[in-house]
Structure formats: structure tokens, C-alpha cells
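One structure is given below, encoded as C-alpha cells.
The values are calculated or read from the model by the stated rules, or taken from the named source; none is laboratory data. If you're wondering where the values come from, they're calculated on a predicted model, not measured in any experiment. Using ideal geometry, Cβ is built from the backbone for each residue, glycine included, and neighbour counts are taken over all protein chains shown. Just the protein is used for accessible areas: all its heavy atoms, side chains included, with ligands, DNA and RNA removed. Shrake-Rupley method; radii C 1.70, N 1.55, O 1.52, S 1.80 Å.
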Amino acid sequence: MRYAVLVTGPAGAGKSTFCSSFVTHLQTSKRTGHLVNLDPAANSDAFEYEPAIDIRDLISLDDVMSELGYGPNGGLVYCFEYLLQNMDWLEEELGGYDDDYLIIDCPGQIELYTHHPFLSTLVRNLQRMGIRTCATYLIESQFMEDKYKFFSGVLSAMSAMVNLEVPWINIMSKMDLVTSNTEDSGSGRNGIRATKDIARYLDPDPLLLVSAPGSRDEKTERNSKFHALNRAIVQLIEDHPLVSFLPLDLTNPDSIETVLSHIDYTMQYGEDEEPKEPTNLDEGDFADLE
């Protein structure tokens with residue numbers, strides 16, 4: 001059985017860094033993982049590990065922009081259309097990997113997850129090949145600095161979940177840049193957060209959008225033309241609590257292991273595997289069994 005993890009999220013969320021740490025952690029755990037690059041605009045210097053499969057071997061954004069005159073966004077859309085027209089190439093590239101983790105690094109253009117059917121079509125093709133698939137969606141901890149920016153991230157994650165229709169894990173990345181130590185403000189670039197406040201972001205509390213009654217912000221919001229829209233968003237998140245986040249601190253191996261264990265559980269990793277019989281029973285620890 002083969003397993004694929006789509007690593008998605010907006011640009012700058014730390015997807016490529018997470019993929020590299022993911023591969024390193026799998027290797028440390030004596031497991032096999034392979035990096036698959038599906039970003040035709042990727043810079044080779046961004047990869048700690050050489051991709052086992054690289055969409056740039058099929059088509060690259062630079063070629064599309066120079067030969068067809070497309071801009072970056074239109075060029076990415078064209079690259080994915082071209083990939084879907086040449087799925088036999090991807091199927092051939094994937095043919096040599098069995099019982100392995102395929103970690104698929106996706107582009108940072110979130111329209112590909114929320115507005116276009118490209119990735120959902122790709123997922124169906126992976127499932128047709130017998131590959132168990134799940135997706136992760138990363139947003140960075142900086143989103144916690146602005147409650148409106150944070151909830152735009154929550155809504156984009158929800159939209160991508162509905163569009164792709166696969167087992168899904170949302171991750172709050174770069175948690176090493178957040179500190180709960182009020183005495184050391186310099187230790188967290190993305191600000192100081194009390195533990196209880198961090199919990200309100202990891203399991204999004206829609207009341208974060210609502211200011212305290214009687215406060216200046218609350219009076220301003222009531223007079224804002226967006227007040228009704230904010231109330232509707234709060235109601236939507238309360239009625240459909242689909243999104244919660246796992247904190248990810250890449251400086252902490254336990255944090256990476258927690259994320260990996262959730263991915264394993266989501267895809268039921270190893271549940272269909274048969275026990276492997278030792279080949280040399282007359283050697284080593286198995287000599288006494290004869």
C-alpha cells in the first residue's frame with residue numbers, strides 16, 4: 001500500500017521546510033519517505049532533499065511564461081492543466097514506489113485548492129492508482145497577530161477541505177515564533193500569547209471576531225458596514241466547526257511526531273500490511289527458535 005500526503009497552504013506558510021523535516025523524521029524512524037514536488041515555480045535551492053519526482057521535469061513555470069507570455073498565476077494554472085492532460089507521466093513516475101510515504105509539496109497559490117478542480121482531480125487519480133491520500137493545510141502563526149487575517153485563513157482552509165474531499169489535517173506552523181513567556185518578549189517574533197489564548201486559535205473560537213461589549217471596538221464594529229458580514233461568519237463557523245489546528249514547532253521532535261501520528265491515523269497507515277517473516281531464522285536473535 002502506498003500513501004500520499006498533500007502539503008498545501010498559502011505562500012510562506014513553511015510547506016517546503018515542513019516537507020524536509022517530515023522526510024528527516026521518517027528516516028530517523030527507519031521509515032521510507034520520498035519528496036514529490038508539484039510546484040512548477042519552485043527554486044531548486046529551497047529543497048533540502050532532491051525530489052524523487054519533480055513536475056519541472058514535465059513542465060516549468062519559467063518555460064510557460066517565456067514561451068506563452070503568461071503571468072505567474074495564469075502560468076501555474078496552465079501547468080496544472082498540462083499535468084492533468086499527462087497523468088500517464090505521473091503514473092509512470094509513481095510506479096516504482098511501494099509501501100512508501102509520498103510527501104507532495106504543492107504550490108502556494110491557494111486558488112488551486114479553493115477555486116479550481118485541479119487538485120481534487122489529481123486526488124481522484126491518486127486514489128485510482130491505489131494510493132491512500134490525505135492533505136495537510138498549513139497557515140503560519142503570524143496569522144494570530146490579526147484576528148481578521150486569522151479567520152480569512154480559517155475560511156480558506158474550510159474551502160479547500162470542501163473542495164478536495166479527502167482526510168484533512170490543519171496545521172499552525174512556525175509555533176516556535178510564538179511565546180507564552182511575558183518576561184521574554186524577544187523570544188517570539190510573532191508575539192506573546194497566553195496558553196489559553198493560543199488554544200482559542202488552535203480550536204478557532206468565532207467569538208474572537210466579536211469585541212467586548214461596551215468597548216470602543218465594539219461600538220465601531222456596530223457602525224461598520226461589515227458588522228453583519230462578521231456576524232454571519234461567526235455563525236457559519238459555529239454551525240460548521242470543521243477547522244481545528246495542530247501546533248507545529250519544527251525545533252521540537254515531539255511536535256513533528258504528533259503531526260505524523262495524526263497523519264498515520266488519518267490514512268490508517270500500516271493497517272493492511274502483513275507481518276514480514278524474517279529471512280534468516282538460523283542467525284542472530286532467531287537461532288533459538290529452531
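Taking the range 93-123 as the search range and keeping residues that are touching an Asp or Glu at 6+ places or on another chain (Cβ under 9 Å) and part of a helix (DSSP H, G or I), which one is farthest from residue 26 (Cα to Cα)? Among those that are touching an Asp or Glu at 6+ places or on another chain (Cβ under 9 Å) and part of a helix (DSSP H, G or I), it is 118.
Among the residues making up the range 109-147, those that are out of contact with any strand residue (DSSP E or B) (no Cβ under 9 Å at 6 or more places or on another chain) and among the β-branched types (Val, Ile, Thr) are 114, 121.
You will find that of 81, 91, 50, the residue that is open to solvent by 70 Å² or more (accessible area, probe 1.4 Å), modelled with pLDDT of 90 or more, under 23 Å from the mean Cα position of the chain (by Cα) and closer than 17 Å to residue 111 by Cα is 81 and no other.
Here is a yes/no grid of residues against (1) open to solvent by less than 10 Å² (accessible area, probe 1.4 Å); (2) assigned to a helix (DSSP H, G or I):
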residue	(1), (2)
4	yes, no
10	no, no
18	yes, yes
25	no, yes
39	no, no
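Within the range 229-253, the residues that satisfy the criterion of being open to solvent by 70 Å² or more (accessible area, probe 1.4 Å) and either at pLDDT 90 or above or more than 20 Å from residue 137 (Cβ to Cβ) (or both) are 229, 231, 235, 238, 239, 251, 253.
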